[in-house]
Amino acid sequence: VMLATSPKWNALPAASVPRSTPLRALAWVAAAVVVGQLILGAVVRHGGGWAVVPHMLGALVVLLVAVIAVIWARRMAVLPASPRRVAMVFAGMVAAQWLLGPAALFHLDQPLLTMAHQVVGAMVLMHACILALMMQRVTQP
């Protein structure tokens, strides 16, 4: 609600990007992959040791999606600056998760690392969703 009512959201140029842009679909895929990753993380955290390997593979998928999103966002000349910045921040948050994930896993006695990993994971999800919504808004119907 806050995003959709903000002045920056209303200042986004509507329908300036062709509907066929792959970044639009990738942004929704990113949000879905991050949700799956958060579910796997919860399973690992609450005693599902079997999910560690799938969780790590999921982290690799999220990283790949984030890198592709940044590359595509930077190459799209017609893309407004706001979605491009959100893609960059999304990728930065994913990079932070790559540092925090192993730290949290190998230092279970440090609850601040685990908490930081969860908080940054929530921020990754937020940025993936914002990117998907922004791409939905700026693409042609």
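Scaled against 2.2 N^0.38 Å for its residue count N, the alpha carbon radius of gyration of the chain is 1.12.
Express in whole angstrom the spacing between the alpha-carbon centres of the range 101-137 and the range 50-74. With the range 101-137 and the range 50-74 each reduced to a Cα centre, they are spaced 13 Å.
Think of the chain as having a plus end and a minus end, set by charges on the Cβ of Lys, Arg, Asp and Glu; of 49, 3, 102, 3 sits farthest toward the positive end of this dipole.
What percent do you get for the relative contact order of the chain when only Cα pairs under 8 Å and 6+ apart count?
Details: 143 pairs, mean separation 55.1, N = 141.
Relative contact order, the chain: 39 percent.
Note on the range 70-141: Rg/Rh from C-alpha atoms, Kirkwood Rh, equals 1.13. On a per residue basis, the chain carries 57 Å² of accessible surface, using protein heavy atoms and a 1.4 Å probe.
Net charge near residue 74, counting Lys/Arg +1 and Asp/Glu -1 over other residues with Cβ under 12 Å of its Cβ?
Net local charge, residue 74 excluded: +3.
With the convex hull constructed from alpha-carbon coordinates only, the range 40-101 shows a mean projected area of 4.4 nm² over all directions.
Among 40, 112, the sequence by solvent-accessible area, most first, with a 1.4 Å probe is 112, 40. Does a label point 7 Å from the Cα of residue 52, set along Cα-to-beta-carbon, have any residues of the range 76-117 with amide nitrogen under 20 Å, and which are they? The answer is 97-117, whose backbone nitrogens lie closer than 20 Å to the label point.
Accessible-area rank, largest first, for 106, 90: 106, 90, with all protein chains present and a 1.4 angstrom probe.
Dividing the alpha-carbon radius of gyration of the range 10-57 by 2.2 N^0.38 Å (N being the number of residues), what value is obtained? Don't skip to the answer; put the middle values down first.
Details: Rg = 16.6 Å, N = 48, 2.2 N^0.38 = 9.6 Å.
In units of the globular-protein estimate, the range 10-57 measures up at 1.73.
The values are calculated or read from the model by the stated rules, or taken from the named source; none is laboratory data. Computed from a prediction, not measured in an experiment: that's the story for all the values here. Cβ sites come from the backbone with ideal geometry, for glycine too, and all protein chains shown count toward neighbours. To get the accessible areas, we keep the full protein, side chains included, count just its heavy atoms, and leave off ligands, DNA and RNA. Shrake-Rupley method; radii C 1.70, N 1.55, O 1.52, S 1.80 Å.
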